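Participant: Let me begin by handing over the structure; questions about it come next.
The values are calculated or read from the model by the stated rules, or taken from the named source; none is laboratory data. Computed from a predicted model, the values in this text were never measured in an experiment. Because the Cβ atoms are built from the backbone with ideal geometry, glycine has one as well, and the counts that use them run over all protein chains shown.
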Amino acid sequence: MIYQASCHCKAVEFQIEAPNEIEADQCNCSICKKSGFLHLIIPLSKFKLIKGQESLSTYSFNTGIAKHTFCKVCGIKPFYTPRSNPDGIDINLNCLDTQPYNINIKPFNGMEWEQHAHKLAHKSKEL
């Protein structure tokens, strides 16, 4: 299924390909908890930026591997390059303009990321 998505102000618009039933991860690390990011990690080939490259800003911390992408206009983080899957992309499920048929939200212990990151490694691989 193709989903349309955007930041709050629609300066950044993109589309993704994902199933109608989605398993999402809710991480309890500091940045995810404070931003309300709901994770859907997909292969980069399933993502297409429609508009807004010039409206994007990137923030990195700690190891610098994850590239947290924000809209410069409204401040929303619609997607980013995750540390667990640097070959994929992590979509903020809250930024989908059309909702999936069913969403199964699983807790993820990002506060102890090093011990649990291996549980995410498969998510950016093509099926």
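Participant: If you go through segment 10-28 one residue at a time, do you hit one that is assigned to a loop (DSSP other than H, G, I, E, B), among the β-branched types (Val, Ile, Thr) and surrounded by 13 or more Cβ atoms within 10 Å (Cβ to Cβ)? Before you say what the answer is, go through the steps one by one.
Facilitator: Step one: list which residues in segment 10-28 are assigned to a loop (DSSP other than H, G, I, E, B), which gives 10-12, 18-20, 28.
Then drop every residue that is not among the β-branched types (Val, Ile, Thr), which leaves 12.
Adding the requirement that they be surrounded by 13 or more Cβ atoms within 10 Å (Cβ to Cβ) leaves 12.
Scanning segment 10-28 turns up at least one residue that is assigned to a loop (DSSP other than H, G, I, E, B), among the β-branched types (Val, Ile, Thr) and surrounded by 13 or more Cβ atoms within 10 Å (Cβ to Cβ).
Participant: Does segment 78-120 hold any residues that are outside any loop (DSSP other than H, G, I, E, B), out of contact with any strand residue (DSSP E or B) (no Cβ under 7 Å at 6 or more places or on another chain) and surrounded by 13 or more Cβ atoms within 10 Å (Cβ to Cβ), and which are they?
Facilitator: MET111, TRP113, ALA117, LYS119
Participant: Please tell me if ILE65 is under 16 Å from ALA18 (Cα atoms) and either at pLDDT 85 or above or surrounded by 11 or more Cβ atoms within 10 Å (Cβ to Cβ) (or both). So that I can check it myself, show each step before the final result.
Facilitator: On the way: under 16 Å from ALA18 (Cα atoms): no; either at pLDDT 85 or above or surrounded by 11 or more Cβ atoms within 10 Å (Cβ to Cβ) (or both): yes.
Taking the combined requirement at face value, the residue does not satisfy it.
Participant: Moving on. Specify the residue that is surrounded by the most Cβ atoms within 10 Å (Cβ to Cβ); the eligible residues are those in segment 41-62 that are touching a Ser or Thr at 6+ places or on another chain (Cβ under 7 Å) and under 20 Å from ALA11 (Cβ atoms).
Facilitator: LEU56
Participant: Do we find that ILE41 is of a type in the set (Val, Ile, Thr), touching a Pro at 6+ places or on another chain (Cβ under 9 Å) and closer than 19 Å to ASP87 by Cβ in this structure?
Facilitator: Details: of a type in the set (Val, Ile, Thr): yes; touching a Pro at 6+ places or on another chain (Cβ under 9 Å): yes; closer than 19 Å to ASP87 by Cβ: yes.
The answer is yes for ILE41.
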